[in-house]
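Notes follow once the structure below has been shown.
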Amino acid sequence: MESKKPQPERGRSEGGMVITRKVRQEPGRQEVEAQSSNIDTVLGIQYNSGGAYSFDGSSVLRLHVNPGGGSTFVLSDPIPVSPGAVYPITCQMRYNLVFESDAAYFSIIQYDSAGNSVGFDEIAGIMGVNFWTWVRNVLPVRTMPTTASIRIRFGLASKSESYLDVDAVR
């Protein structure tokens, strides 16, 4: 079956960057691509294995850095939250990093009602802590008094070809 060429979905300004997203659906996967003038191409794939390779359900979010290295990040839509509250945000991640400078990121960015960033929490996975096995990550986030929403970000930075799978985000 021939896949359809990605078509622009929408543009949005994020911290001075204009991001254009493209979506392509194929049997077993959905690809989301975004490009910006000051970050690498952002590529996340919804890999549907029917549950064979996922932690929970039938698919995972897969980030991929091409041979030669680089970085890739995906960012959720805003999620409304209460100010001054604690949210233990969890996910399952698996990766296998080769270089000490490589990292897998699980981040929460807090925004006020005007869309300004007012807080940031992050867990960085490094070489030697995950060998392509599902590991539960917990990021306890205490929202700032001015926080109106959060966005969840996953990222992968590597000097060589690498993958990050993410599942069961709660």
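The values are calculated or read from the model by the stated rules, or taken from the named source; none is laboratory data. Quantities reported herein were computed from a predicted structural model and do not represent experimental measurements. Cβ atoms come from the backbone with ideal geometry, glycine included; neighbour counts cover every protein chain shown.
List of remarks:
- Scanning segment 50-69 for residues that are of a type in the set (A, V, I, L, M) and either surrounded by 17 or more Cβ atoms within 10 Å (Cβ to Cβ) or at pLDDT 95 or above (or both) yields Val60, Leu61, Leu63, Val65.
- Out of Gly128, Gly115, sole residue that is at pLDDT below 95, small (Gly, Ala, Ser) and either over 25 Å from Ser49 (Cβ atoms) or out of contact with any Phe, Trp or Tyr (no Cβ under 8 Å at 6 or more places or on another chain) (or both): Gly128
- When segment 117-129 is limited to residues that are within 17 Å of the chain's Cα centre (by Cα) and closer than 20 Å to Asp77 by Cα, the one that is surrounded by the most Cβ atoms within 10 Å (Cβ to Cβ) turns out to be Asp121.
- Within segment 70-89, the residues that satisfy the criterion of being under 13 Å from Arg151 (Cα atoms) and surrounded by 11 or more Cβ atoms within 10 Å (Cβ to Cβ) are Phe73, Val74, Leu75, Ser76, Pro78, Ile79, Val81, Tyr87, Ile89.
- Segment 122-158 - residue that is touching a residue at least 60 places away in the same chain (Cβ under 8 Å) and touching an Asp or Glu at 6+ places or on another chain (Cβ under 6 Å) and, of those, nearest to Gly57 (Cα to Cα): Ser158
- Residue that is surrounded by the fewest Cβ atoms within 10 Å (Cβ to Cβ), among those in segment 159-170 that are farther than 20 Å from Asn48 by Cα and either among the charged types (D, E, K, R) or without any contact (Cβ under 8 Å) to a residue 24 or more places away in the chain (or both): Glu161
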